[in-house]
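Okay, so here's the structure we're looking at.
Please treat every number below as a calculation from the coordinates, not as lab data. Only a predicted model underlies this, so the values are computations on that prediction, with no experimental measurement involved. Here Cβ is always computed from backbone atoms with ideal geometry, including for glycine, and neighbour counts include all displayed protein chains.
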Amino acid sequence: MITNLFRIIGILGLLWIILGIVEKRRKGQDKHYILGGILLLVYSIYIEDWVFIILQIVFIITAFYDLSKNRKFKKRK
């Protein structure tokens, strides 16, 4: 039962990242990446895959960086 919960969390994370790709630089794209990355991080911790865990941490940090960069750029305009 708990396995199904974590699989659902992983699937939702993947769907959120796909939604971010479909959004293409609209508002919220980076937020979709961050949320999807966090959900996939939870799943990767559950399956104890260290490569996937590190990949997700880097992905989330990159999404936060991109979000902050875009906000600074918008403030300059």
Roughly how many debye, to the nearest 20, is the charge dipole of segment 2-76 about its Cα centre, given +1 on each Lys and Arg Cβ, -1 on each Asp and Glu Cβ, and no other charges? 820 debye
Do you know the relative contact order of segment 2-76, to the nearest whole percent, from alpha carbon pairs under 8 angstrom that are 6+ apart? 30 percent
Within-13-Å neighbourhood charge of L15 [Cβ basis; K, R +1; D, E -1]: 0
Local electrostatic count, Y43, Cβ distance below 12 Å [Lys/Arg +1, Asp/Glu -1]: -1
Summing +1 for each Lys or Arg and -1 for each Asp or Glu, what net charge is found among the other residues whose Cβ lies under 14 Å from the Cβ of I60? -1
Average projected area [Cα convex hull, segment 2-76], square nanometres: 4.7 nm²
Any idea which of N70, L15, W50 is furthest toward the positive side of the dipole for segment 2-76, if Lys and Arg beta-carbons carry +1 and Asp and Glu beta-carbons -1? N70
